[in-house]
Amino acid sequence: MAEKNITTVAEVEVSHFSVHHFLYSSSSYSLSVYTVDSSAREVEYSIGYDGEISERVDDDDERNADMRWHAKANLSPDQIDFDGLVARVPAKDDPRPGCDDSRYAWLRVMPTGKTASWTTCSSSFDYHEGSLVVDGKPVNDQVDPTDPAQVASMMESYNDIFGAGTLVQWNAGVKKREATYVTAIPFPDDPDCRMGIFSSGRHNAMPGVGACDAPLLNDEPTIPFDLSRFSPSLVSDILGSLGSLGSLGSLGVQVSAIDELIFTGTPDGKLSWKVSTMNIGDQLDYREHMYGVLEPIK
């Protein structure tokens, strides 16, 4: 680090490659450190197994615009636990797909200044389920939004990653293995730079890749809210209320057909919600119950 005068670190990748041949097999580690220069260009320093350090400056204007948040979210090298990250690289005999070929541990500095790390194999953009850790604290990436305790923990994790009061949308998948994701605008002075976390059980995507890759569209939510100011039982409360709408001769809303609840902020600090359901009859018969507004509890 001192040799190349690296003063800030935005992202680190540790990789371990295995080469198999009928005559021999070998493996090697490499380390890549990402930062930005004074012109806001992404710079990659790669340290090979022989200890040599190579430097690559990205001159792709579009790529640099996508990753411009690195200039705002970085730490000094002495604040990064490189040894701990190396120790996180999956083992050669890890049974997950692709791990017999290449294995990775990643660390990325989040907008809050906290570090998120995770593992993956075979250059996948999806991190391993259960591997996401923020400042040493494991994150539950398969949250059941109907469980208030899990939602409370999730609220804390989102604040650790993006910062309190930066979310602009939360899609809570209520069916088993249904996708749950959030969108945040972590830098108020850069509303076009939107980040999100996506998890569905099949795919888990970390925030940061292409975070600032497109301008804000007219119909995208922009009002920030702090999810932790609302009851962690908000999803279960809404579903319970919908399920109790049945009356004589009516079965009420088919809660099992609801895919997700979508939450966005309101100008007066409340939380707007709406239901996405596959039941067309419910969409027609109970349309006035398929949306609402929640008051903060703190």
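The values are calculated or read from the model by the stated rules, or taken from the named source; none is laboratory data. Computed from a predicted model, the values in this text were never measured in an experiment. Every residue, glycine as well, gets a Cβ built from its backbone with ideal geometry; the counts of neighbours run over all protein chains shown. These area figures cover heavy atoms from the full protein model, side chains too; ligands, DNA and RNA do not enter into them. Shrake-Rupley method; radii C 1.70, N 1.55, O 1.52, S 1.80 Å.
I'm told ASN204 meets every condition in (1) in contact with a helix residue (DSSP H, G or I) (Cβ under 7 Å, 6 or more places away or on another chain); (2) open to solvent by less than 40 Å² (accessible area, probe 1.4 Å) except one. Can you identify the failing condition by its number?
(1)
Mind telling me which of the residues GLY249, GLY292 ends up being at pLDDT 90 or above and farther than 28 Å from VAL139 by Cα?
Numbers: GLY249 fails: at pLDDT 90 or above.
Going through GLY249, GLY292 in turn, just one is at pLDDT 90 or above and farther than 28 Å from VAL139 by Cα: GLY292.
Here's a check for you: in segment 209-239, which residue that is at pLDDT 90 or above and of a type in the set (A, V, I, L, M) is most open to solvent (accessible area, probe 1.4 Å)? If you could, list the steps in order and put the result at the bottom.
Initially, segment 209-239 is screened for residues at pLDDT 90 or above, giving 221-239.
Going one step further and asking which of them are of a type in the set (A, V, I, L, M), we end up with 223, 227, 234-235, 238-239.
Details: ILE223: 55, LEU227: 4, LEU234: 7, VAL235: 0, ILE238: 10, LEU239: 22 Å².
It comes out as ILE223.
What are the residue pairs meeting all of these: first residue in segment 266-285, first residue among the charged types (D, E, K, R), second residue open to solvent by 40 Å² or more (accessible area, probe 1.4 Å) and assigned to a strand (DSSP E or B), Cβ atoms under 6 Å, and 6 or more apart or on different chains?
LYS270/VAL293; LYS274/TYR291
Can you go through ASP100, ASP135, ASP126 and tell me which one is touching a helix residue (DSSP H, G or I) at 6+ places or on another chain (Cβ under 8 Å) and either at positive phi or surrounded by fewer than 18 Cβ atoms within 10 Å (Cβ to Cβ) (or both)? Show your work before the answer.
Numbers: ASP100 fails: touching a helix residue (DSSP H, G or I) at 6+ places or on another chain (Cβ under 8 Å); ASP126 fails: touching a helix residue (DSSP H, G or I) at 6+ places or on another chain (Cβ under 8 Å).
The match here is ASP135.
Out of the residues in segment 103-123 meeting the condition of being of a type outside the set (Ser, Thr, Tyr) and without any contact (Cβ under 8 Å) to a residue 60 or more places away in the chain, tell me which one is surrounded by the most Cβ atoms within 10 Å (Cβ to Cβ).
The initial filter retains those residues of segment 103-123 that are of a type outside the set (Ser, Thr, Tyr), namely 103, 105-111, 113-114, 116, 118, 121.
Of the ones still in play, those that are also without any contact (Cβ under 8 Å) to a residue 60 or more places away in the chain are 113-114, 121.
Values: GLY113: 13, LYS114: 17, CYS121: 21.
This residue is CYS121.
For segment 183-220, give me each residue that is of a type in the set (A, V, I, L, M) and either over 21 Å from GLU129 (Cβ atoms) or in contact with a Gly (Cβ under 6 Å, 6 or more places away or on another chain) (or both). Give the steps one after another, and end with the answer.
In the first step, residues of segment 183-220 are kept if they are of a type in the set (A, V, I, L, M); the result is 184-185, 195, 197, 205-206, 209, 211, 214, 216-217.
Once the filter is applied, which keeps residues that are of a type in the set (A, V, I, L, M) and either over 21 Å from GLU129 (Cβ atoms) or in contact with a Gly (Cβ under 6 Å, 6 or more places away or on another chain) (or both), segment 183-220 yields ALA184, ILE185, ALA211, ALA214, LEU216, LEU217.
Can you confirm whether segment 176-196 contains a residue that is open to solvent by less than 10 Å² (accessible area, probe 1.4 Å), in contact with a Cys (Cβ under 9 Å, 6 or more places away or on another chain) and among the hydrophobic types (A, V, I, L, M, F, W, C)?
yes
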